[in-house]
Structures are given as C-alpha cells and as structure tokens.
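> First, the structure itself, so that you have it in front of you.
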Amino acid sequence: MQIDLYVIGKVKEPYLRDGIAEYLKRLSGFCTLKIVEFSEERIKESPSAHEIARACQQEGKNLLKAAGQAEYLIALDPRGVQISSERFADQFRRWEIEGPHRIAIIIGGPHGLSDEVRDRSDQLLSLSSMIFPHQLVRLILLEQVYRVFTIIRGLPYHR
C-alpha cells in the first residue's frame with residue numbers, strides 16, 4: 001500500500017521531527033509512506049478573511065495538484081467525522097485487500113483547507129474536536145496509521 005501525505009508547512013520543533021522519524025521508521029515495514037511538504041502562503045500579520053481564503057485556495061491548488069494520482073483522498077479537517085482507531089483499521093484492512101492501493105492524506109496549514117480540497121476529498125476526517133497545531137497533527141496521524149497496521153496484524157502495540 002502506498003500512502004502519500006501532503007502537508008502545508010515544515011515541522012520546526014526537534015521533538016516533533018524525532019517523533020515523526022520514529023513512526024516513519026516503524027511504518028516502513030507495513031507500507032510505503034511519502035511526505036510531501038508545501039510552503040505556507042505568505043499573508044500579512046493581521047489578514048482579512050478574504051486574504052486567508054485566498055491563501056487557503058492557493059495552498060489547496062498545490063495540494064490537489066500533487067495528490068492528483070491518488071485513488072482515494074482523505075483530508076484532515078475539523079468538520080470531518082471522528083472515527084475510532086479500530087474503524088480506521090477496518091478501512092485500511094479493506095484497502096489492503098480490495099484497493100484502493102494508493103491513498104493520499106492532506107493536512108492543511110494553520111488556516112485550514114480550501115473548499116476545493118474538501119469537495120474533492122473522498123473522506124473528511126477529524127482527529128479530535130480539540131484543536132492541535134498542524135505540525136503536531138502530522139505526528140498524531142502517523143501514530144494512528146502505525147496503530148492501524150498493528151491492529152490489522154494483531155500486534156501488541158494496540159491495547
């Protein structure tokens with residue numbers, strides 16, 4: 001299974017980079033995972049709603065262009081559904097057998113996603129009703145994807 005993670009922004013904190021590297025190493029035995037980073041659109045310090053929307057729209061164009069070959073597109077969004085790790089694992093279990101075999105997951109920037117990304121996505125997923133920094137979301141998502149594979153394989157990590 002190929003999982004492509006398309007994200008806005010770079011991870012700046014060393015502890016987050018270390019955690020992400022650890023989960024990428026763990027996941028290498030279960031799937032091929034690629035992370036593609038895009039720069040945040042520059043906006044002034046106190047932007048108007050229009051300027052934020054324009055930035056999100058440009059970021060969305062970049063993300064969707066890169067994810068164009070994906071067979072299934074998941075966008076992380078606070079408006080999305082929240083599912084359990086077990087239900088997420090059920091999805092992956094089906095995908096491993098039936099396909100799609102190339103999944104793209106999008107994490108937007110600090111201002112969220114454009115409507116175009118939401119409309120194009122096959123699934124809107126929310127990790128929590130709480131708000132997290134988008135850099136931390138990358139680590140949380142990778143941990144959940146690792147958990148998914150340990151559930152599928154019956155490994156003791158998930159308890």
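Just so it is clear, none of the values below were taken in a lab; they were calculated from the coordinates. As the structure is a computational prediction, the values presented were derived from the model and not from experiment. Neighbour counts are summed over all protein chains in view; Cβ atoms, including those assigned to glycine, are modelled from backbone coordinates with ideal geometry.
> Using the membrane-span-like helix rule (whole DSSP H runs, Cα extent along the own axis of at least 24 Å, mean Kyte-Doolittle hydropathy at least 0.5), which helices of the chain qualify? Write down the numbers at each step before the final one.
On the way: long enough: 49-66 (26 Å, -0.64); 134-153 (29 Å, 0.74).
In the chain, the long hydrophobic H runs are 134-153.
> Can I ask one more? In whole Å, how far is the Cα centre of region 68-83 from that of region 27-50?
A separation of 14 Å, based on Cα centres.
> Here's something else I'd like to know. Ignoring everything except DSSP H segments at least 4 long, calculate the 222 nm mean residue ellipticity for the chain; use -39,500 (n - 2.57) per segment, divide by total residues, nearest 500.
Details: 5 runs with 72 residues, N = 159.
That calculation yields -14500 deg cm²/dmol at 222 nm.
> Then there's this: Distance in nm between label sites at TYR72 and SER39, each 7 Å beyond Cα in the beta-carbon direction?
3.4
> How big is the antiparallel share of DSSP beta bridges in region 2-153, given as a percent to the nearest 5? Mind showing how you got there, number by number?
Values: 1 of 23 bridges.
Of the beta bridges lying entirely in region 2-153, close to 5 percent run antiparallel.
> Which value, in debye to the nearest 20, gives the size of the charge dipole of region 2-153 about its Cα centre, when Lys and Arg are +1 and Asp and Glu are -1 at the Cβ? The partial results should precede the final answer.
Values: 21 positive and 21 negative charges, 54 e Å.
Once rounded to the nearest 20, the dipole reads 260 debye.
> Can I ask one more? Name all residues of region 115-139 having a backbone nitrogen under 17 Å from the label point set 7 Å from the Cα of LYS12 along its Cα→Cβ direction, giving them as ranges.
Counting only backbone N, you get 132-139.
> Would you mind checking region 7-35 for residues with the amide N under 19 Å from a putative spin-label position 7 Å along Cα→C-beta of HIS101?
28-34
> Counting Lys +1, Arg +1, Asp -1, Glu -1, what net charge surrounds ASP18 among other residues with beta carbon under 15 Å of its beta carbon? Intermediate results must be reported in sequence, preceding the final value.
Details: positive: LYS10, LYS12, ARG17, LYS25, ARG26, ARG138; negative: GLU13, GLU22, GLU143.
Combined, the nearby Lys, Arg, Asp and Glu give +3.
> As an exercise, identify the trypsin sites (Lys or Arg not before Pro) in region 1-93 lying in DSSP coil whose Cβ has no more than 15 other Cβ atoms within 10 Å.
Filter output for region 1-93: LYS10, LYS12, ARG42, LYS44.
> Then there's this: Dipole size in debye (nearest 20) for region 98-159 around its Cα centre, Lys and Arg Cβ +1, Asp and Glu Cβ -1? Show your work: numbers first, answer last.
Details: 7 positive and 6 negative charges, 71 e Å.
Using Cβ point charges on Lys, Arg, Asp and Glu, region 98-159 gives about 340 debye.
> Moving on to the next point. Taking the Cβ of GLN135 as the centre, find all other residues whose Cβ is under 10 Å away and add up their charges (Lys, Arg: +1; Asp, Glu: -1).
Working: positive: LYS10, LYS12, ARG17, ARG138; negative: GLU13.
Net charge around GLN135: +3.
> Also, I was wondering about something else. What's the extension gain from ARG26 to SER84 if we count 0.36 nm per residue and subtract their Cα-Cα distance? Walk me through the numbers before you get to the answer.
On the way: separation 58, 0.36 × 58 = 20.88 nm, distance 2.09 nm.
Contour length minus Cα-Cα distance gives 18.8 nm.
> Next question, about the same structure. Quick one, which of (i) 49, 34, 26; (ii) 42, 34, 25; (iii) 49, 28, 24 is the actual Cα extents along the principal axes in Å calculated for this model?
(i)
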